[in-house]
Every structure is written in C-alpha cells, then in structure tokens.
Amino acid sequence: MRRKKWTALFLAALLALGLAGCGEDKQIQGLVVEVQADEAGNLCAFVVEMDGERTGVLLSEETHLWPSRSGSWSKQEAQAEFQENFHADTLAQAWCHPRREKLETADGEKIPAYLAQSVSISGRLRRGVQVLSDGTKTDRLDNDAWGEHTYRLPDGTELLRISDSSGPEDYYLEGLGSLDGLSEAAQEAILAYYAAQGPLYDEEEELEKSYAAYRQLGEEFSADRISQDISPCAFNDTLVYFLTEAHLPAKRGQRVMSVIQLCAAFNRRTGERVDSRDLFGVPEEEVRRLLPELGGPEDPALRAEMAQALDLAQIVFRSESAEVVFQANTLPSGEPDCGYAA
C-alpha cells in the first residue's frame, strides 16, 4: 500500500476544509501568468491559466498564503515567504469563495475572478531547461502537489510526464509492515542502495523518443508517461525482497506500456544486499534451466531462449511464487513483453 505523494494533497485538503467550512468554495489551479500588486507593493491579485482559460484570484488580509515545502508555519512568516517566491510561472492552487467577481488584466481584459480564502504554491515552470538534439528547447513543469514533472514545448504541448519515484519507505506489505519496521542500520543500508541505483531509464533519451513521436503523429500524439516505484514484495525470517518496477511508454505500434522489473534481497538485520546467485541452492546455470521448465511456455525453443536470456535480478519473489518478465524484443524470436510464474 502506498503512503507517499499524497502529503501535499492531504495538507491542501485540510487547509481547504479548515478554511472553507461547508465545502461550497471554488477551487482554482493553474500556472500564474500575471501578478498584480497594490500601491504599497503587496500582492493583491493574480491570474492563472489552465487549458487556455484565464481566471483571476483576488486576495485580502484574511487570505492565508502557504509557500511550497516550507517549515515556516506562523501566518506572518508563511506569507512573507510566499510573497518572496510567488511570481509568474508559479503553479498555484487557490480555494475561493464561490461568488464570481471581475479582474482587469494588464492588457485591459476583464476576466472572471474569485476572492481567495487560501492560496498555496504547488510547483513551478522552468523554461528552456532541456535542449533536444535538433536544438528545440523544452520547458519543465514541476508539480509538487501531484509529485511529478512534465516536459513541454514552449507552446504548452506536453511531451513527457514523469512521476516522482516512490522509494521503499513508501509502501506497506502485510505480515512485514514497512521499512520502518527494520533496524535503523538496515533502513539506512537499503535506502543508500536505492539512492545509488537511481532510475532504470534514461530521462533525456525518453524525452527524445517522445519528441520524435510527437513530430511523427502531430495532433494524434498524447504525452507519454513514466513512473518508477520500489516496494517490498516478499520476506522470510532472514531476508526481505524489494521490487523496483519502472513503467515506460509503449513502443510505437504497441498498446501496452513497457515494464522493467528488478528484484533485490537484503538481510533483514543489517540491510546488506544479498547477491541473487546466493539465493538458490543450485548453480546459476541450473536456475536458468529449471525456471522456464517449471512455469514457462510449452514451446521448447522459446523456453531455451528464456533460459539463455534470464538475468537472475529479473526474478521477482512473491509470497508464494517467483515471476519472470521479459521485455519486448529482448528474446531472439522478437516476442512481445512476456513472462511466467513458477
């Protein structure tokens, strides 16, 4: 069960409930495209854009302002930090009174506006942070509330959306509990291992692939998505197993996302990584031969391919079984994603 990524949303919900009361407030979120200040230089209104539509947000002395990831929770400190960090290209969420009002923008347009009860910074757009191989610059939108970042073209077209990786401390396995249930030394060792492992994909390479697909498909293209999670998958008296699972965009012409799975075993007391070859009572070559025979396909030629291509780190240990998944085109026969349980 996943525990992370909802922290910011949960906080935002508490703020909304605590300040709105009856749940009749209007929620507004989007990218800030204009900031307005009063004669004293204090923030008094701003304009957000979402899906091409602009909405105004009005502020008063009663409006609660919350900076992103701040430890300053007194109202005065939070509002000072908010105003210091709030500007165009900020991603903002506002909980407003439902009464519709008007705001005049810098170019003289009058747009719908609402008086805010609370406003929080939930992310930021950074322009031109990644240059593609043909010289095209892309922007990166970091959304802290949703725990993801998105690469976009300057016109706002989304190319690739990547969820923040959830680590081994973010999940609960029945019978084991969570990483918190292990010794402090074991926790530190396991977290250090996964910090060093990092993503199972190349972010720049995946962005280039998404851009190539966009240029090929045009209006038919929809943003690719990537996620990677690390969670406990099995345990016994001495070992705990964690599975790293990365979901990558489907290869063109296929409908199913590509999946990379790596399983690692650790000593429950020390957190020391146990080599995959030491988990079996027989030599590695025997493991390669036996697993496809126990749960693999009936075709002996395909079983032989699987035995030859098997990486022991691909074996995912579950409570009552072991699973193996082969990515598309990793077998000589060119089979699509396939696998078996033994």
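Surface composition of the range 78-161: carbon and sulfur make up 44 percent of the accessible area, probe 1.4 Å.
Exceedance of the 27 Å cut-off in Cα-Cα distance is limited, within the set LYS137/LYS251; LYS75/LYS110; LYS26/LYS75, to LYS75/LYS110. Stretched out straight at 0.36 nm per residue, the stretch from HIS87 to GLU220 would grow longer than its current Cα-Cα span by 44.5 nm. What the phi angles of the range 219-229 give under the Karplus curve with 6.51, -1.76 and 1.60, with θ = phi - 60°, is a coupling list of 5, 7, 6, 10, 3, 6, 10, 9, 9, 9, 10 Hz, glycine and proline written as x. Note that the range 139-153 has calculated 3J(HN,Hα) couplings of 9, 10, 9, 8, 10, 5, 5, 9, x, 7, 9, 10, 8, 9, 6 Hz, one per residue in order, obtained from phi through the Karplus relation 6.51 cos²θ - 1.76 cosθ + 1.60 (θ = phi - 60°); glycine and proline are x.
Under the convention that each Lys and Arg Cβ holds +1 and each Asp and Glu Cβ holds -1, the size of the dipole of the range 95-203 around its Cα centre is about 700 debye. Here the calculated FRET efficiency for GLU174 and ARG269, from their Cβ-Cβ distance with R0 = 25 Å, stands at 0.75, rounded to the nearest 0.05. Extending 7 Å from Cα along the Cβ direction at HIS97 and again at GLN308 yields two label points whose distance is 7.4 nm. Note on SER133: accessible area approximately 110 square angstrom, rounded to 10, probe 1.4 Å, nucleic acids and ligands left out. A 1.4 Å probe, protein heavy atoms only, puts the accessible area of ASP155 near 110 Å². Taking 0.36 nm per residue of separation and subtracting the Cα-Cα distance, full extension of the segment from ALA185 to ASP38 would add 47.5 nm. Extension gain for GLU286 to GLU204 (0.36 nm times residue separation, less C-alpha to C-alpha distance): 25.7 nm.
Put simply, the amide H of PHE326, placed in the peptide plane, has neighbours under 5 Å in CYS338, GLY339, leaving out anything fewer than 5 places away on its chain.
The values are calculated or read from the model by the stated rules, or taken from the named source; none is laboratory data. Predicted, not measured: the structure shown is a model, and the values here were computed from it. FYI the Cβ positions are ideal-geometry reconstructions off the backbone, even for glycines, and counts take in every protein chain you see. Note: areas computed on protein heavy atoms with side chains; ligands, DNA, RNA excluded. Shrake-Rupley method; radii C 1.70, N 1.55, O 1.52, S 1.80 Å.
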